[in-house]
Amino acid sequence: MLATWHRRVKCGGRSVGSPSLCGAVVLSCNRSSLAETMTEEKRDYQEVPTKEGDEVKAEGEVVGLKPKMTLFNGITVIVGSIIGSGIFISPSVVLQNTGSVGMSLVVWIISGLFSMVGAYCYAELGCMIQKTGADYAYIMVTFGPLLAFMRLWVECIIVRPCSQTIVALTFSIYIMKPFFPDCETPDSAERLLAAVCILVLTFVNCWNVKWATRVQDIFTGAKLFALAVIIITGFVQLGRGQTQYFTFDNTEPDFTKVALSFYSGLFAYNGWNYLNFVIEELKEPVKNLPKAIYISISLVTIVYVLANVAFYTTLSPYEVLGSEAVAVSFADRLYRPVEFLIPIFVALSTFGSVNGILFTSSR
């Protein structure tokens, strides 16, 4: 009995010195074996995909958005979100507040640099807090849920829907412009087409992320192609000696009025922060987010300045001030009989902008 008392009891590779503990150890070992068996069964169950082609989720994996966006996709999101209708409409407003072509070009350059600084400050936040939602996530971490909810409510109920509506209406106006060259487009048709634009792009974004990024890539390419055509035409005009409007004559002496021109200039650069909203879906965000911002805003600044230079090689300051859409007036002067292509490219540009707003708004 004494020998039994002091006998080491083996159980599951472990030993205990007291037989009174053996039952507990055996029960514990049985429970451990049962837990291991259930874990193995659970693992086997998790490894069964729901349908062919599904990826197997690892045990304990957190549900979230997978990083599918490359650096190129990140660049197209920023460029596609920034370049909308602003560059085709804002030049007249910037010129109105600056008074001269030379000063207006300075405003466009400073607006780009200012946007770059803001974007890099935002990129630092995005690299530190790598959560989808951008403003909402940053305010949540810093100030708590109340202010974060208020920011989210304003963004979702007021800011984003209004932005989408304005850009979608601009799309419908320009896409119908070739059919109504000498008169205004019907108001009801504008509204219906804008609604169709939003619904189609909403479906695309809900159906597949790859579809949404592909649409963004295609339409970003289309708008850059349109601006490239305008810029190349500008270089041709410069080669012909069309430089008479590039002066600082009549520059607005009131600095406060010149400052107002930055509203329109910075409006044209709006969208530099949109990649932060999808930071979880960007591959290697710490590396690719700053790169995407630098490449995108540098590209947009160069394109905007050169596009303005191209406009002023053909249009006088008075013609720019009297034009609702400078690019359309530019095309009417130089691209006949295919001047209708520019309104179509403007429409494609705004279509891509609507997709960019929807893509980031859902996050």
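Phi-derived couplings, Karplus 6.51 cos²θ - 1.76 cosθ + 1.60 at θ = phi - 60°, listed residue by residue for region 318-334: 5, 5, 5, 5, x, 9, 7, 9, 4, 5, 5, 4, 4, 5, 4, 7, 10 Hz, with x used for Gly and Pro.
The candidates TRP272, TRP211, arranged from most to least accessible area with a 1.4 Å probe in the full protein assembly, appear as TRP211, TRP272.
Which order do TYR335, TYR245, TYR269, TYR318 take when ranked by solvent-accessible area (1.4 Å probe, heavy atoms of all protein chains), largest first? Mind showing how you got there, number by number?
Working: TYR335 35, TYR245 60, TYR269 0, TYR318 185 Å².
Reading off the accessible areas and sorting them downward yields TYR318, TYR245, TYR335, TYR269.
Here the Karplus curve 6.51 cos²θ - 1.76 cosθ + 1.60, taken at θ = phi - 60°, turns the phi angles of region 342-356 into couplings of 5, x, 5, 5, 4, 4, 4, 4, 6, 4, x, 5, 4, 4, x Hz, with x standing for Gly and Pro. Using a probe of 1.4 Å on the protein chains alone, the accessible area found for ASP332 is around 60 Å². Annotation: amide H-H contacts under 5 Å for THR251 (H modelled 1.01 Å from N, sequence separation of 5 or more, or interchain): none.
The base-10 log of I(q)/I(0) for region 135-256, evaluated at q = 0.18 Å⁻¹, reads -1.09 [Debye formula, identical scatterers on Cα atoms, solvent excluded]. Give the separation of the Cα centroids, region 184-221 to region 249-284, in Å. Region 184-221 and region 249-284 have Cα centres separated by 24 Å.
Considering Cα pairs under 8 angstrom that are at least six residues apart, work out the relative contact order of region 125-242 and quote it in whole percent.
On the way: 41 pairs, mean separation 15.4, N = 118.
Computed value for region 125-242: 13 percent relative contact order.
For region 226-363, the fraction of C-alpha pairs more than 24 angstrom apart is 44%. Using the Cβ-Cβ distance between LEU146 and TYR263 with R0 = 41 Å, the FRET efficiency computed as 1/(1 + (r/R0)^6) comes to roughly 0.85. The residues ASP182, ASP187, sorted by heavy-atom accessible surface at 1.4 Å with ligands and nucleic acids left out, run ASP182, ASP187 from largest to smallest. Applying the Karplus relation 6.51 cos²θ - 1.76 cosθ + 1.60 with θ = phi - 60° to region 256-270 yields 3J(HN,Hα) values of 5, 6, 4, 4, 5, 5, 5, 4, 6, x, 5, 4, 5, 8, 4 Hz, where x marks Gly and Pro. Pair-distance distribution P(r) for region 80-213, from all Cα-Cα distances in 5 Å bins starting at 0: 2, 8, 10, 13, 16, 16, 16, 11, 6, 2, 0 percent.
The values are calculated or read from the model by the stated rules, or taken from the named source; none is laboratory data. Worth saying up front: this structure is predicted, and the values here are computed from it rather than measured. No Cβ is skipped: glycine too gets one built from the backbone with ideal geometry, and neighbour counts run over all protein chains shown. SASA here: full protein model, heavy atoms, side chains in, ligands and nucleic acids out. Shrake-Rupley method; radii C 1.70, N 1.55, O 1.52, S 1.80 Å.
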